[in-house]
Amino acid sequence: MSVDTRFPDAEAYAAETARHAPGEAVDLRAEHAAVTAAYQNRVMLDFNDHCLRLAVFEGPYRWHRHPDSDELFLVVEGELEIELAGCAPVRLAPGQAFVVAANTVHRTRGIGRTVNLTCERQAARTEFVDGPQDAAGNDLASAPDSG
(Lines give C-alpha, C1' and ligand atoms only; values in the text may rest on other atoms or scores of the structure.)
Protein backbone atom coordinates (compact mmCIF):
# COMPACT_ATOMS: atom_id res chain seq x y z
CA MET A 1 0.00 0.00 0.00
CA SER A 2 1.48 3.37 -0.96
CA VAL A 3 1.17 6.29 1.45
CA ASP A 4 -0.26 9.55 0.14
CA THR A 5 1.60 12.32 1.94
CA ARG A 6 -1.18 14.85 1.29
CA PHE A 7 -3.10 13.24 4.15
CA PRO A 8 -2.25 12.81 7.85
CA ASP A 9 -1.24 9.42 9.19
CA ALA A 10 -3.59 7.56 11.52
CA GLU A 11 -1.87 8.75 14.69
CA ALA A 12 -1.99 12.43 13.70
CA TYR A 13 -5.64 12.08 12.68
CA ALA A 14 -6.61 10.53 16.05
CA ALA A 15 -4.52 12.97 18.11
CA GLU A 16 -6.11 16.15 16.77
CA THR A 17 -7.91 18.22 19.39
CA ALA A 18 -10.91 20.49 19.02
CA ARG A 19 -10.26 23.99 17.72
CA HIS A 20 -13.21 25.42 19.68
CA ALA A 21 -14.32 25.02 23.30
CA PRO A 22 -17.76 23.98 24.57
CA GLY A 23 -20.04 27.00 24.82
CA GLU A 24 -18.27 28.78 21.95
CA ALA A 25 -20.30 29.65 18.84
CA VAL A 26 -18.53 28.42 15.71
CA ASP A 27 -19.04 30.01 12.29
CA LEU A 28 -18.65 26.95 10.07
CA ARG A 29 -19.13 29.02 6.89
CA ALA A 30 -16.18 31.22 7.84
CA GLU A 31 -14.15 28.15 8.79
CA HIS A 32 -14.57 26.45 5.41
CA ALA A 33 -14.31 29.70 3.44
CA ALA A 34 -10.86 30.24 4.98
CA VAL A 35 -9.53 26.90 3.72
CA THR A 36 -7.21 27.33 0.74
CA ALA A 37 -5.44 23.96 0.88
CA ALA A 38 -6.51 21.11 -1.41
CA TYR A 39 -7.21 18.99 1.68
CA GLN A 40 -8.08 19.97 5.22
CA ASN A 41 -9.90 17.95 7.88
CA ARG A 42 -10.09 19.56 11.32
CA VAL A 43 -11.83 18.79 14.59
CA MET A 44 -14.09 21.75 15.27
CA LEU A 45 -15.85 20.63 18.46
CA ASP A 46 -15.91 17.79 20.96
CA PHE A 47 -19.17 16.63 22.53
CA ASN A 48 -19.65 13.73 24.90
CA ASP A 49 -17.24 11.12 23.50
CA HIS A 50 -17.58 12.28 19.87
CA CYS A 51 -16.22 15.07 17.71
CA LEU A 52 -17.44 17.21 14.84
CA ARG A 53 -14.95 17.49 11.98
CA LEU A 54 -15.01 19.91 9.07
CA ALA A 55 -13.47 18.46 5.90
CA VAL A 56 -12.72 20.43 2.75
CA PHE A 57 -11.20 18.52 -0.15
CA GLU A 58 -11.33 17.51 -3.79
CA GLY A 59 -10.75 14.07 -5.24
CA PRO A 60 -10.34 10.75 -3.43
CA TYR A 61 -9.25 10.08 0.13
CA ARG A 62 -7.52 6.83 1.10
CA TRP A 63 -9.30 3.53 1.70
CA HIS A 64 -9.72 3.01 5.43
CA ARG A 65 -11.95 1.81 8.24
CA HIS A 66 -12.72 2.89 11.79
CA PRO A 67 -12.95 -0.36 13.80
CA ASP A 68 -14.59 1.24 16.84
CA SER A 69 -16.71 4.09 15.46
CA ASP A 70 -19.53 4.76 13.05
CA GLU A 71 -18.89 7.82 10.87
CA LEU A 72 -21.67 10.25 9.94
CA PHE A 73 -21.21 12.46 6.88
CA LEU A 74 -23.31 15.59 6.21
CA VAL A 75 -22.57 17.45 2.99
CA VAL A 76 -22.50 21.24 3.25
CA GLU A 77 -21.21 22.18 -0.21
CA GLY A 78 -20.38 20.27 -3.40
CA GLU A 79 -20.94 16.54 -3.89
CA LEU A 80 -19.47 13.72 -1.87
CA GLU A 81 -19.18 10.16 -3.11
CA ILE A 82 -18.67 7.46 -0.51
CA GLU A 83 -17.24 4.23 -1.88
CA LEU A 84 -17.90 1.16 0.24
CA ALA A 85 -16.06 -2.13 -0.24
CA GLY A 86 -18.41 -4.58 -1.91
CA CYS A 87 -21.27 -2.08 -2.41
CA ALA A 88 -22.35 0.52 -4.93
CA PRO A 89 -21.03 4.02 -4.15
CA VAL A 90 -23.33 6.54 -2.46
CA ARG A 91 -23.41 10.10 -3.81
CA LEU A 92 -24.55 12.90 -1.52
CA ALA A 93 -25.55 16.48 -2.34
CA PRO A 94 -25.72 19.43 0.08
CA GLY A 95 -28.09 18.73 2.95
CA GLN A 96 -27.81 14.95 2.59
CA ALA A 97 -26.29 12.64 5.20
CA PHE A 98 -25.05 9.05 5.39
CA VAL A 99 -23.63 6.84 8.14
CA VAL A 100 -20.79 4.41 7.46
CA ALA A 101 -21.00 1.64 10.06
CA ALA A 102 -17.98 0.87 12.22
CA ASN A 103 -15.39 -1.43 10.62
CA THR A 104 -16.68 -0.80 7.07
CA VAL A 105 -13.88 -0.32 4.53
CA HIS A 106 -14.61 2.90 2.64
CA ARG A 107 -13.19 6.02 1.09
CA THR A 108 -14.66 9.39 0.27
CA ARG A 109 -14.28 11.31 -2.96
CA GLY A 110 -14.98 15.01 -3.32
CA ILE A 111 -16.57 15.74 -6.69
CA GLY A 112 -15.00 19.16 -7.17
CA ARG A 113 -14.44 21.19 -3.99
CA THR A 114 -16.50 19.50 -1.32
CA VAL A 115 -17.26 20.57 2.24
CA ASN A 116 -18.69 18.08 4.70
CA LEU A 117 -19.20 17.70 8.41
CA THR A 118 -18.29 14.39 9.98
CA CYS A 119 -19.19 13.06 13.40
CA GLU A 120 -17.25 10.18 14.87
CA ARG A 121 -15.83 9.04 18.19
CA GLN A 122 -13.07 11.27 19.57
CA ALA A 123 -9.67 9.86 18.67
CA ALA A 124 -11.37 7.28 16.45
CA ARG A 125 -8.90 4.60 15.45
CA THR A 126 -8.27 4.64 11.71
CA GLU A 127 -6.75 1.74 9.79
CA PHE A 128 -5.62 2.54 6.24
CA VAL A 129 -6.01 -0.41 3.89
CA ASP A 130 -5.58 -1.31 0.25
CA GLY A 131 -8.72 -0.77 -1.80
CA PRO A 132 -10.91 -3.73 -2.72
CA GLN A 133 -9.49 -5.94 -5.47
CA ASP A 134 -10.70 -8.89 -7.50
CA ALA A 135 -8.98 -12.30 -7.49
CA ALA A 136 -6.52 -11.08 -10.15
CA GLY A 137 -5.50 -8.08 -8.03
CA ASN A 138 -7.37 -5.50 -10.11
CA ASP A 139 -8.75 -2.43 -8.30
CA LEU A 140 -12.51 -2.69 -7.87
CA ALA A 141 -13.00 1.00 -7.00
CA SER A 142 -15.87 2.63 -8.83
CA ALA A 143 -13.70 5.35 -10.35
CA PRO A 144 -9.97 5.90 -10.90
CA ASP A 145 -8.04 8.20 -8.58
CA SER A 146 -8.01 11.73 -9.92
CA GLY A 147 -6.14 13.48 -7.16
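Number of residues in segment 93-107 that are open to solvent by 10 Å² or more (accessible area, probe 1.4 Å) and within 23 Å of Leu28 (Cβ to Cβ): the value is 7.
Out of all the residues in segment 86-102, which are assigned to a loop (DSSP other than H, G, I, E, B) and under 14 Å from the mean Cα position of the chain (by Cα)?
Let us first name the residues in segment 86-102 that are assigned to a loop (DSSP other than H, G, I, E, B), namely 86-89, 93-96, 101-102.
Within segment 86-102, Ala101, Ala102 qualify.
Looking only at segment 61-73, filter to residues that are part of a strand (DSSP E or B) and open to solvent by less than 60 Å² (accessible area, probe 1.4 Å); which one of those is farthest from Ala10 (Cα to Cα)? Out of the qualifying residues, it is Phe73.
Given the residues Glu58, Glu83, Glu77, which is the only one that is assigned to a strand (DSSP E or B), out of contact with any Leu (no Cβ under 9 Å at 6 or more places or on another chain), buried (at least 20 other Cβ atoms within 10 Å of the Cβ) and not hydrophobic (A, V, I, L, M, F, W, C)?
None of the others qualify; the one that does is Glu83.
Which of the residues that make up segment 28-48 are surrounded by 10 or more Cβ atoms within 10 Å (Cβ to Cβ), of a type outside the set (A, V, I, L, M, F, W, C) and outside any strand (DSSP E or B)? So that I can check it myself, show each step before the final result.
Filtering segment 28-48 for residues surrounded by 10 or more Cβ atoms within 10 Å (Cβ to Cβ) gives 28-29, 31-35, 38-47.
In the following step, the residues that additionally are of a type outside the set (A, V, I, L, M, F, W, C) were identified as 29, 31-32, 39-42, 46.
The answer is Arg29, Glu31, His32.
The values are calculated or read from the model by the stated rules, or taken from the named source; none is laboratory data. Keep in mind that what you see is a predicted model, and the values were worked out from it rather than measured. Methodologically, a virtual Cβ is constructed for each residue, glycine included, from the backbone with ideal geometry; neighbour enumeration extends over all protein chains shown. For accessibility, only protein heavy atoms count, side chains too; no ligands or nucleic acids. Shrake-Rupley method; radii C 1.70, N 1.55, O 1.52, S 1.80 Å.
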